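J.: Structure incoming, see below.
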Amino acid sequence: MFKKLLIANRGEIAVRIARTCRDLGISTVAVYEVGDMGALHVRLADEAFMLTSAQGYRDPRELLAVAQRSGADVIHPGYGLVSEDVGFEQACEAAGITPIGPGSGPLAQVRDRVEAITRVGAAGLPTTQPSSRSFAPEDGAALLAEADQLGYPLVVKSCAGGRGRGTAIARTADDLLAVVRRSSAQAQAAYRDGQIYLEAAILPSRYIEVPILGDVFGNVIHMGDRDGSIQRNTRKVVTEAPAPGLSSSDREAIWQSALTIARLFALRGACTIEFVVDSTGRHFFTEVKPRIQVEHLVTEMISRIDVVREQIRIAAGLPLERSQDQVYLEGHAIFCRVNAEDPWHGYLPSPGRIGSFQLPGGPNVRVDTYAYAGAEVPVRYDSLLAKLVVWGATREETIQRTQRALQEIRIGGIQTNLSLIRLIIAHAEFVSGSYTTEFSRVRLLDALPLPPAERLRDLAAIAALAFLQHTQTVHPAIPQAYTSGWHRESRRLPD
Amino acid sequence: MSRLLITIAGHEFEVELIASPDSDGFIGVRVNGELLRIALPLERTLDTIEWAIVESHPYVLRIDHDLRWIESAYGRHRLQIRDLDVAVVRPASGDGRVKAPIPGLIARVLVEVGQRVAAGQPILILEAMKMQNELVAPRDGQVTTVNIRPGQSVLLNELLVEIG
């Protein structure tokens, strides 16, 4: 087993990795850019090194240099940043430091998404229909020609990174180029790679993911499935496991496809095979995520498997601890992605200092976050603030508990998408489990349910008092002397 | 004492503050003629008003620092507040100044001085937290000043573009 692990990431996932390392007795090395000096992931590590190059967390060379300087024997890249950088993985392998990932060979194969779909299709498995190649946003004429062949609606996807950024739907030829330009600009900002490709959209559909684990001996297991269809502002905000509304035969079929695809690419470690499922339950392969994902938490809840621990064990060359029969999937879990952003103002990111910070507790509620009261949400990085996941024996129980947990969370000082998440979890389509990817078009913010009349009256009265307190600072509406049980001068309780 | 007209989620309530806090810290308020007792933390900044108790009902709150909305377990509701003792109603702010809503980097500038723009038209793209955010013209008019260039970092509330 490894002695020392370098965490080549920041934020929530760096904290998450540090925790498992502590659990396993592996010492940790954190890296940080200057703005992250006091961040939680730095404090939780045994050693910490500042990154000085302009690229910071994205600089493979400096990350490797820190690993060598600190004597780390393994590197966990988390998600995003260098986690899908083939060159980084190769450099680590060449330097004799184990990179946690699928191996540089499989990584290169699945990173070329168009090629990956072609290869899976050639193996006789159903796939979505991609464009023949990837494009730069300037290839206007070629894009339009290709789009006509594929037929609308189309999904525009970025070649680099995760699906959160740079994925959008073009419904007609009129909006294709505008959508491409926007997607490409987003991908450029997030991943420094503006290449995009097209995929024939299946609408309405569900986005179903099958997380798998594979070891160096060729053993592969799946850990059930999850549904990532609920998206807002092109990003997954709510994910649940298992996916609702799949028949047991469709579910079994999708699992088997995922295992076949994992073997086809000889994937190692934790990966996710992603599918689009149409309204009749047929599934189509769309891509492989060759790393741990933000949503892996929901899988951990129904399988009780610590995915980071498995990643480390697999990278150390150990065989999988369990066979497929020993993966026990139990109950239901709902995952919510809490972002520092304002859904009421075009999802504008909301950096700043966190004021109050209260997390939910109670049975079967877990929150993974790098944040705390007084923490700074930096402007430079992703808006992911906290991951809430809730478990229950049944889907109904889990929905109710999720609503309860969402009422308990309070994050002040910055804007968050919590009230949007509350609306999603309470929405009839979510509660019935009948939603599809078209849910992103439901206008949640316009049709707010009204509370009972008496509660609205109470809130009006509260707002009035808040207004008076706020505006009448010169002549306070409520004299200071009355604000505590004590008289200021006499220091005894008033009569 | 003060009389206010509160419009919350489109419903109007007339609220009158009628008494200073009693010894338990509850304040007497009349809402549409009905007497209510309310307790809440005494904070000058709205961000820090986290809870209230109205009669026997506790609330967990978030109140916008400009009092445009109030959020509780029942959701988020739009607010409008008018002081009935003050005849003047504050005009809705609608000048043509476009300020940076968050600190970030100017990715693209889509307009130039002299150009006519329509309300809602994208005028520049501000990059922050790995996201490209489109800022739009707040009203119809002609661009009178452009204070920024692509690639420039801007601070919160920095004046970016003016529309005359």
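J.: When you go through (1) in a strand (DSSP E or B); (2) of a type outside the set (A, V, I, L, M, F, W, C); (3) farther than 15 Å from A:N417 by Cα one by one for A:Y372, which number turns out not to apply?
T.: (1)
J.: Now, a different point. So which residues in the range A:432-456 are closer than 24 Å to B:A9 by Cα, in a helix (DSSP H, G or I) and modelled with pLDDT of 90 or more, if there are any at all?
T.: Within the range A:432-456, A:A453, A:E454, A:R455, A:L456 meet the criteria.
J.: Please work out if A:I100 is touching a His at 6+ places or on another chain (Cβ under 8 Å) and closer than 19 Å to A:I314 by Cα. Explain how you work it out, then say what you get.
T.: Numbers: touching a His at 6+ places or on another chain (Cβ under 8 Å): yes; closer than 19 Å to A:I314 by Cα: yes.
Criteria met by A:I100.
Yes/no matrix, rows are residues, columns are (1) over 21 Å from the mean Cα position of the chain (by Cα); (2) within 15 Å of A:D382 (Cβ to Cβ):
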residue	(1), (2)
A:F2	yes, no
A:R10	no, yes
A:I17	no, no
A:T28	yes, no
A:G38	yes, no
A:E47	yes, no
A:E62	yes, no
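J.: Okay, next question. For the range B:64-79, give me each residue that is closer than 18 Å to A:N417 by Cβ, within 7 Å of chain A (Cβ to nearest Cβ) and either acidic (D, E) or open to solvent by less than 60 Å² (accessible area, probe 1.4 Å) (or both).
T.: Across the range B:64-79, the qualifying residues are B:I70, B:E71, B:S72, B:A73, B:G75, B:R76, B:H77.
J.: Quick check on the range B:99-111: of everything there that is more than 12 Å from every other protein chain (Cβ to nearest Cβ) and assigned to a strand (DSSP E or B), which residue is nearest to B:E158 (Cα to Cα)?
T.: B:K99
J.: Select, from B:G151, B:G164, B:G141, the only residue that is more than 15 Å from B:R108 (Cβ to Cβ) and either open to solvent by 10 Å² or more (accessible area, probe 1.4 Å) or out of contact with any strand residue (DSSP E or B) (no Cβ under 9 Å at 6 or more places or on another chain) (or both). Break it down into steps so the answer makes sense when it comes.
T.: Numbers: B:G151 fails: more than 15 Å from B:R108 (Cβ to Cβ); B:G141 fails: either open to solvent by 10 Å² or more (accessible area, probe 1.4 Å) or out of contact with any strand residue (DSSP E or B) (no Cβ under 9 Å at 6 or more places or on another chain) (or both).
Result: B:G164 is the single residue among B:G151, B:G164, B:G141 that is more than 15 Å from B:R108 (Cβ to Cβ) and either open to solvent by 10 Å² or more (accessible area, probe 1.4 Å) or out of contact with any strand residue (DSSP E or B) (no Cβ under 9 Å at 6 or more places or on another chain) (or both).
J.: When the residues of the range B:112-136 are narrowed to those that are within 14 Å of chain A (Cβ to nearest Cβ) and among the small types (G, A, S), which ends up least open to solvent (accessible area, probe 1.4 Å)?
T.: Step by step, filter the range B:112-136, then rank; the result is B:A128.
J.: Do we have any residue at all in the range A:356-377 that's open to solvent by 30 Å² or more (accessible area, probe 1.4 Å), closer than 24 Å to B:V154 by Cβ, modelled with pLDDT under 95 and among the β-branched types (V, I, T)?
T.: no
J.: Also, quick follow-up: Any residue in the range A:376-393 that's farther than 16 Å from A:V298 by Cα: show its pairings with residues that are in a strand (DSSP E or B) and of a type in the set (D, E, K, R) at Cβ separation under 6 Å, as long as the two are six or more apart or on different chains.
T.: From residues that are farther than 16 Å from A:V298 by Cα, the pairs are A:E376/A:R353; A:S383/A:E341.
J.: Next question. What residue, among those in the range A:137-150 that are in contact (Cβ under 8 Å) with a residue 24 or more places away in the chain and open to solvent by 20 Å² or more (accessible area, probe 1.4 Å), is nearest to the chain's Cα centre (by Cα)?
T.: Residues of the range A:137-150 that are in contact (Cβ under 8 Å) with a residue 24 or more places away in the chain, as a first pass: A:137, A:140, A:143-144, A:146-148, A:150.
So of that shortlist, the ones also open to solvent by 20 Å² or more (accessible area, probe 1.4 Å) come out as A:137, A:144, A:146, A:148, A:150.
Working: A:P137: 26, A:L144: 32, A:E146: 31, A:D148: 33, A:L150: 30 Å.
Filtering the range A:137-150 for residues that are in contact (Cβ under 8 Å) with a residue 24 or more places away in the chain and open to solvent by 20 Å² or more (accessible area, probe 1.4 Å), the one nearest to the chain's Cα centre (by Cα) comes out as A:P137.
J.: For the range A:412-429, enumerate the residues that are open to solvent by less than 10 Å² (accessible area, probe 1.4 Å) and over 19 Å from the mean Cα position of the chain (by Cα).
T.: Residues satisfying the conditions are A:G412, A:I414.
J.: What strands (runs of 3 or more DSSP E), lying completely within the range B:122-164, carry at least 2 residues that are polar (S, T, N, Q)?
T.: Numbers: elements: B:122-128, B:131-136, B:141-146, B:159-163.
Per the criteria, B:131-136, B:141-146.
J.: Going through the range A:446-475 one residue at a time, which ones are more than 9 Å from chain B (Cβ to nearest Cβ) and either under 30 Å from A:N233 (Cα atoms) or surrounded by 13 or more Cβ atoms within 10 Å (Cβ to Cβ) (or both)?
T.: At the first step, the residues of the range A:446-475 found to be more than 9 Å from chain B (Cβ to nearest Cβ) are A:446-447, A:474-475.
Correct list: A:D446, A:A447.
J.: Something else about it: Select from the range A:378-388 the residues that are of a type in the set (A, V, I, L, M, F, W, C) and within 12 Å of chain B (Cβ to nearest Cβ) and write down the one among them that is most open to solvent (accessible area, probe 1.4 Å). I'd like the intermediate steps shown before the answer.
T.: Step one: filter the range A:378-388 for residues of a type in the set (A, V, I, L, M, F, W, C), giving A:379, A:384-386, A:388.
Going one step further and asking which of them are within 12 Å of chain B (Cβ to nearest Cβ), we end up with A:379, A:384-385.
On the way: A:V379: 52, A:L384: 14, A:L385: 1 Å².
Checking each candidate, the answer is A:V379.
Yes/no per residue for (1) surrounded by fewer than 19 Cβ atoms within 10 Å (Cβ to Cβ); (2) free of Cβ contacts under 8 Å to residues at least 24 places away in the same chain; (3) more than 14 Å from chain B (Cβ to nearest Cβ):
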residue	(1), (2), (3)
A:R206	no, no, yes
A:G218	yes, no, yes
A:G224	no, no, yes
A:R232	no, no, no
A:L259	yes, no, yes
A:C271	no, no, yes
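J.: Got at least one residue in the range A:28-35 being touching a residue at least 40 places away in the same chain (Cβ under 8 Å), of a type in the set (S, T, N, Q) and under 23 Å from A:D306 (Cβ atoms)?
T.: Here is the first cut: in the range A:28-35, the ones touching a residue at least 40 places away in the same chain (Cβ under 8 Å) are A:29, A:33, A:35.
Subset that is of a type in the set (S, T, N, Q): none.
Looking through the range A:28-35, none of the residues is touching a residue at least 40 places away in the same chain (Cβ under 8 Å), of a type in the set (S, T, N, Q) and under 23 Å from A:D306 (Cβ atoms).
J.: List every residue pair whose Cβ atoms lie under 6 Å apart, where the two residues are 6 or more positions apart in sequence or sit on different chains, the first residue falls within the range B:37-51 and is within 7 Å of chain A (Cβ to nearest Cβ), and the second residue, located anywhere, is of a type in the set (D, E) and open to solvent by less than 80 Å² (accessible area, probe 1.4 Å).
T.: B:I49/B:E43
J.: If I filter the range B:81-98 for residues that are crowded, with 20+ Cβ neighbours inside 10 Å, more than 7 Å from chain A (Cβ to nearest Cβ) and modelled with pLDDT of 85 or more, do I get at least one hit?
T.: yes
J.: Restricting attention to the range B:1-27, and to residues there that are at the interface with chain A (Cβ under 7 Å from one of its Cβ atoms), in contact (Cβ under 8 Å) with a residue 12 or more places away in the chain and part of a strand (DSSP E or B), which single residue is nearest to B:I70 (Cα to Cα)?
T.: Filtering the range B:1-27 for residues that are at the interface with chain A (Cβ under 7 Å from one of its Cβ atoms), in contact (Cβ under 8 Å) with a residue 12 or more places away in the chain and part of a strand (DSSP E or B), the one nearest to B:I70 (Cα to Cα) comes out as B:I8.
J.: Please go through the range A:322-350 and give me each residue that is part of a loop (DSSP other than H, G, I, E, B) and surrounded by fewer than 21 Cβ atoms within 10 Å (Cβ to Cβ), ordered by number. Don't jump to the end; show me each part of the working.
T.: Residues of the range A:322-350 that are part of a loop (DSSP other than H, G, I, E, B), as a first pass: A:322-323, A:327-331, A:340, A:346-347, A:350.
Correct list: A:R322, A:S323, A:V327, A:Y328, A:L329, A:E330, A:G331, A:G346, A:Y347.
J.: What residue, of A:A65, A:A45, is surrounded by fewer than 24 Cβ atoms within 10 Å (Cβ to Cβ) and among the small types (G, A, S)? Reasoning before the result, please.
T.: Numbers: A:A45 fails: surrounded by fewer than 24 Cβ atoms within 10 Å (Cβ to Cβ).
On inspection, the qualifying residue turns out to be A:A65.
J.: Show the residue pairs meeting these rules: Cβ distance below 8 Å; 6+ apart or different chains; first residue within the range A:1-26 and assigned to a strand (DSSP E or B); second residue of a type in the set (G, A, S) and open to solvent by 30 Å² or more (accessible area, probe 1.4 Å).
T.: Matching pairs, first to second residue: A:K4/A:S27; A:K4/A:G71; A:L5/A:S27.
J.: Please enumerate the residues belonging to the range A:95-124 that are in contact (Cβ under 8 Å) with a residue 24 or more places away in the chain, within 27 Å of A:A65 (Cβ to Cβ) and of a type outside the set (A, V, I, L, M, F, W, C).
T.: Result: A:T98, A:P99, A:G101, A:P102, A:G103, A:G105, A:P106, A:R111.
J.: Looking at (1) within 14 Å of another protein chain (Cβ to nearest Cβ); (2) under 18 Å from the mean Cα position of the chain (by Cα), which is the only condition A:G352 fails?
T.: (2)
J.: Would you check which residues across the range A:351-369 are among the small types (G, A, S) and outside any loop (DSSP other than H, G, I, E, B) and list them?
T.: Keep residues of the range A:351-369 that are among the small types (G, A, S), which gives A:352, A:355-356, A:361-362.
Hit for the range A:351-369 is A:G352, nothing else.
The values are calculated or read from the model by the stated rules, or taken from the named source; none is laboratory data. These numbers were taken from a predicted model, which means no experiment stands behind them. All Cβ positions, glycine included, derive from the backbone under ideal geometry; neighbour counts span all protein chains shown. Heads up: the accessible areas ignore ligands, DNA and RNA and are worked out on the full protein's heavy atoms, side chains in. Shrake-Rupley method; radii C 1.70, N 1.55, O 1.52, S 1.80 Å.
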